[in-house]
Ligand SMILES: Nc1ncnc2c1ncn2[C@@H]1O[C@H](COP(=O)(O)OP(=O)(O)O)[C@@H](O)[C@H]1O
Ligand SMILES: [Mg+2]
């Protein structure tokens, strides 16, 4: 049984059909990347899983249980943490406070315990340790991304959803973020990683899916996807070339 | 010189009431992004509850006080459920109209029940006041100032040092993200309305012996609280407190040195002056940074 399975999920925003019958699955322990260009429906897929957007049809099953009708607050309690696009760090709270709030889905944990766990996060995210008592809005994009991922991990998720963690970051920061994703993978957390940057996404993944205008077009292992001529030409090549140029 | 201290004392006393109401106003604004036009009625309803319990029923002051505050907690919860919650996914405009409607409904219902004649609520303490030098300290004003100091300190501790306080702040900054973390957003907003109604009610009960208890009390207090938040910078908690105190002092001095009948008009003047010349409030930059 996969950890999570999407069966024929469609999502509409008014007239726009953002997802058209998407089916995909992630096994426990896997890192799966969801690739695709801007507007392909990657974020919508993650929003449907975490309950921010209700599918018009289809079903999402997590650990054998249907998520239909559950809201984001309930879904995160089941063990799915969503680190959304744009990081969404609370601007008026410190990095440390932001990270502490990541544990809000777990009941019966004392404030002292959460405080300690948040401190421990700075071992993995040592770059932001000096900024832990600084307000969110003063952090750089890369620092905010690290806070957002650390906050996601505080939920002790069975499944971590990461939406474009590399977006808008300098290359050297991007590789730092991906080092952290590799470490998360080593610790055994299942990850569904959304990326426009195909090279980075495939570098950490066990498998990948490619999404185009709301439809899954191809799936496979990283090297298969990377070497698939059609895929490269249509979805990945463009980005690979852009990446090489910059 | 003594007259200056005397006026300062009274100004800070009445300003504390404005500060408390403004505080409740700002908390709701930050949590829901909605300007609550029925904020003043929180104070009016609480004052009328006090009249019911302590004057009409002649129950002891402290029991009446606790019952009134408890009543305001319930009122805040009902207000949230009836006025805000059904419209929470709409834009701010329907919600604002809803709060205006609630304000009219509540003050007119009170009018229907109690008629237009103002009610009188006596001071909490039998001991009316004392002199320090030539400055007369009225105990009701001292009480107001004392309660405000304690409440502001409590609120600071609560928001800065408890997890619930942090969750409330997170909710006011980004509701969708808060819900993704498992913070119960609807409950956080409920807590905000209940707390806001209670501090507004507390302000109403404290100021009732100074003003008359009437259906116009809500409108007057709401205008002052609104002016206070503009002075302090809209949406800023510390600004609301400073703005409330500043307004109390300004209008007390205005009444003493310029004109007594226009006392309430000074709030308007200050409001307009700030809107024209310094719309970001005294602490403008800090608020912008916090946004
Ligand atoms: N809130 C929304 N309202 C209307 N259309 C939306 C909304 N969010 C996304 N869309 C549309 O849905 C499609 C998929 O968007 P999205 O999932 O954000 O793509 P991606 O994350 O792959 O860039 C796009 O055409 C986008 O314009
Ligand atoms: Mg996206």
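Check whether at least one residue in the range A:59-75 is touching a residue at least 40 places away in the same chain (Cβ under 8 Å) and within 10 Å of chain B (Cβ to nearest Cβ), and report yes or no.
We begin by selecting, within the range A:59-75, every residue touching a residue at least 40 places away in the same chain (Cβ under 8 Å); these are A:59-64.
Checking which are within 10 Å of chain B (Cβ to nearest Cβ) leaves us with none.
No, the range A:59-75 contains no residue that is touching a residue at least 40 places away in the same chain (Cβ under 8 Å) and within 10 Å of chain B (Cβ to nearest Cβ).
Applying the selection to the range B:169-197, what residues are more than 11 Å from chain A (Cβ to nearest Cβ) and either surrounded by fewer than 24 Cβ atoms within 10 Å (Cβ to Cβ) or not in a helix (DSSP H, G or I) (or both)?
The initial filter retains those residues of the range B:169-197 that are more than 11 Å from chain A (Cβ to nearest Cβ), namely B:189-197.
Within the range B:169-197, B:189, B:190, B:191, B:192, B:194, B:195 meet the criteria.
Residue pairs, Cβ under 6 Å, 6 or more apart or interchain, first in the range A:23-48 and over 11 Å from residue A:193 (Cα atoms), second within 14 Å of ligand 1 (Cβ to nearest atom) and part of a loop (DSSP other than H, G, I, E, B). List them.
A:41/A:214; A:47/A:53; A:48/A:55
Looking only at the range A:70-96, which residues are surrounded by 23 or more Cβ atoms within 10 Å (Cβ to Cβ) and closer than 15 Å to residue B:166 by Cβ?
Of everything in the range A:70-96, those that are surrounded by 23 or more Cβ atoms within 10 Å (Cβ to Cβ) and closer than 15 Å to residue B:166 by Cβ turn out to be A:89, A:90, A:95.
Can you find even one residue in the range A:77-85 that is out of contact with any strand residue (DSSP E or B) (no Cβ under 8 Å at 6 or more places or on another chain) and more than 16 Å from ligand 1 (Cβ to nearest atom)? Talk me through it step by step, then tell me what you get.
Within the range A:77-85, the subset out of contact with any strand residue (DSSP E or B) (no Cβ under 8 Å at 6 or more places or on another chain) is A:77.
Add one more test, that the residue is more than 16 Å from ligand 1 (Cβ to nearest atom), and what stays is A:77.
Scanning the range A:77-85, I find at least one residue that is out of contact with any strand residue (DSSP E or B) (no Cβ under 8 Å at 6 or more places or on another chain) and more than 16 Å from ligand 1 (Cβ to nearest atom), so the answer is yes.
Out of A:51, A:39, I need the residue that is on the phi > 0 side of the Ramachandran plot and within 13 Å of ligand 2 (Cβ to nearest atom). Which one? I'd like the intermediate steps shown before the answer.
On the way: A:51 fails: within 13 Å of ligand 2 (Cβ to nearest atom).
Exactly one of A:51, A:39 is on the phi > 0 side of the Ramachandran plot and within 13 Å of ligand 2 (Cβ to nearest atom), namely A:39.
Of everything in the range A:189-207, what is at pLDDT 90 or above and more than 16 Å from ligand 2 (Cβ to nearest atom)? Give them in sequence order.
A:189, A:190, A:191, A:202, A:203, A:204, A:205, A:206, A:207
Can you name the number of the only condition in (1) free of Cβ contacts under 8 Å to residues at least 24 places away in the same chain; (2) out of contact with any strand residue (DSSP E or B) (no Cβ under 7 Å at 6 or more places or on another chain) that residue A:90 fails?
(1)
Checking the conditions here, which among B:19, B:73 is in contact with a helix residue (DSSP H, G or I) (Cβ under 6 Å, 6 or more places away or on another chain), under 14 Å from residue B:207 (Cα atoms), part of a helix (DSSP H, G or I) and touching a residue at least 12 places away in the same chain (Cβ under 8 Å)? Don't jump to the end; show me each part of the working.
Values: B:73 fails: under 14 Å from residue B:207 (Cα atoms).
One residue alone meets the criteria, B:19.
Among the residues of the range A:5-55, write down those that are within 14 Å of chain B (Cβ to nearest Cβ), surrounded by fewer than 19 Cβ atoms within 10 Å (Cβ to Cβ) and within 7 Å of ligand 1 (Cβ to nearest atom).
Answer for the range A:5-55, where residues must be within 14 Å of chain B (Cβ to nearest Cβ), surrounded by fewer than 19 Cβ atoms within 10 Å (Cβ to Cβ) and within 7 Å of ligand 1 (Cβ to nearest atom): there is none.
So residue B:126 clears everything in (1) over 25 Å from residue A:51 (Cα atoms); (2) part of a helix (DSSP H, G or I); (3) over 21 Å from the mean Cα position of the chain (by Cα) except one condition, right? Which one?
Among (1) over 25 Å from residue A:51 (Cα atoms); (2) part of a helix (DSSP H, G or I); (3) over 21 Å from the mean Cα position of the chain (by Cα), residue B:126 violates only (2).
The values are calculated or read from the model by the stated rules, or taken from the named source; none is laboratory data. Keep in mind that this is a model prediction, so the values were computed, not measured. Every residue, glycine as well, gets a Cβ built from its backbone with ideal geometry; the counts of neighbours run over all protein chains shown.
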